[in-house]
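Accompanying notes for the structure given below.
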Amino acid sequence: MRALLRLFAVFATGMLLHSTAALALAPATVELVQAPAWLERDGRSQPLAPGMELRNGDLVRTGTGARAYLMLAEGSRVKLGEAARFNLHNRSLHPEKSFRGALDIVAGAFRFTTGKLKKSVPRELAIRVGTATIGIRGTDIWGKTDKDGDLVALIEGHIEITRAGQATEMSQAMSYYDAPRGKDAAVKPLDLETFAYLARQTDIVGGDGAAGKGGKWSIIAGTAESQTAALEIYDAARNAGFAARVRLSGAADARSYEVVLGGYASAAEAEVAAARLKAATELKPRVAR
């Protein structure tokens, strides 16, 4: 009975996510996920999945080798690299019309690119990267914070960085603000080779095994004849940071349960993700369409 109630909760949660999506426009949504990645909200953690809506105060966390793309309601995109921790703070009732808030990069690398079609949207946005706070005025920036310090690269636009009470304005494209831990910061030129190296830390490219909305290929993490066994597979996948769901399969007189990960654009993308899931668990996933 306990397994049945829990399985019902698994199905009901998925239905609730779809039914509440139209009630209010979220400040951000998840566009692409290269697992493992998690969403932490109200003290609870769940795997990050394409289409998820983010709320004020949410924390997005990526694992080793992971990436995630988030779309702000006003049209800008945030890319997160591996081992990132990202907090969203929203103070807008209608974030698609006027975004007010902050993006907090607690750890790891990110890239923020203003929406090309919505540059006129009123925006009061601050981005915090470790010890540095960035004022945004329509731009494309890349940044990272780790144990060695903070780095902010200006690709296009104009920003103002405040650190330790000192403000630095940057308007020269392809330059970066280097702030080693415990040392003075300096602005330096950014060459194309270094930029390509930095960008790859946050970009998702073909063959990375990312999932998105509309992908027709799936991964079957496992098949089970009982609810209890299905939930064990489900838990194993989700604990590893992969957004699995349970679905019924087979004829009415021979029902079984499949634990599925969906949203892959091709068999090749699904194979990459399946290999990553297999390495993180004891499961034996297979690709299906």
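Quick notes on this structure:
- Checking Val106, Val78 one by one, the residue that is within 17 Å of the chain's Cα centre (by Cα), assigned to a strand (DSSP E or B), of a type in the set (Val, Ile, Thr) and buried (at least 22 other Cβ atoms within 10 Å of the Cβ) is Val78 and no other.
- Flag if Lys188 is outside the structural domain of Val260 (by TED's automatic domain parsing), part of a strand (DSSP E or B), among the charged types (D, E, K, R) and within 30 Å of Leu277 (Cβ to Cβ): no
- Pick from the range 59-74, criterion surrounded by 21 or more Cβ atoms within 10 Å (Cβ to Cβ) and assigned to a loop (DSSP other than H, G, I, E, B), ranking: modelled with the highest pLDDT: Ala66
- Restricted to the range 168-189, and to residues there that are within 15 Å of Gly130 (Cα to Cα) and aliphatic (A, V, I, L, M), the residue that is nearest to the chain's Cα centre (by Cα) is Ala179.
- Selection from the range 236-289 of residues that are of a type in the set (S, T, N, Q) and in contact with a helix residue (DSSP H, G or I) (Cβ under 6 Å, 6 or more places away or on another chain): Thr281
- Filter result for Arg128 (at pLDDT 95 or above, part of a strand (DSSP E or B), assigned by TED's automatic domain parsing to the domain that holds Glu74 and of a type in the set (D, E, K, R)): yes
- Criterion (touching a Leu at 6+ places or on another chain (Cβ under 7 Å) and in contact (Cβ under 8 Å) with a residue 40 or more places away in the chain) met by exactly one of Ile233, Ile220: Ile233
- Residue check: Val246 meets all listed conditions (1) surrounded by 16 or more Cβ atoms within 10 Å (Cβ to Cβ); (2) in the same structural domain as Val129 (by TED's automatic domain parsing); (3) not aromatic (Phe, Trp, Tyr) but one, namely (2).
- Only strands (runs of 3 or more DSSP E) whose full extent lies in the range 203-264 are considered here, and the ones with at least 1 residues that are in contact with a Ser or Thr (Cβ under 8 Å, 6 or more places away or on another chain) and modelled with pLDDT under 95 are 245-249, 256-264.
One line per residue, one yes/no per condition, for (1) within 17 Å of Ser249 (Cβ to Cβ); (2) over 20 Å from the mean Cα position of the chain (by Cα); (3) surrounded by 14 or more Cβ atoms within 10 Å (Cβ to Cβ):
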| position | (1), (2), (3) |
| --- | --- |
| Asp191 | no, yes, no |
| Thr202 | no, no, yes |
| Gly207 | no, no, no |
| Ala210 | no, no, yes |
| Lys216 | no, yes, no |
| Ile220 | yes, yes, yes |
| Ala230 | yes, yes, yes |
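The values are calculated or read from the model by the stated rules, or taken from the named source; none is laboratory data. This structure is a prediction, so every number in the text was calculated from the model and none was measured. So basically every Cβ, Gly included, is an ideal-geometry build from the backbone, and we count neighbours across all protein chains shown.
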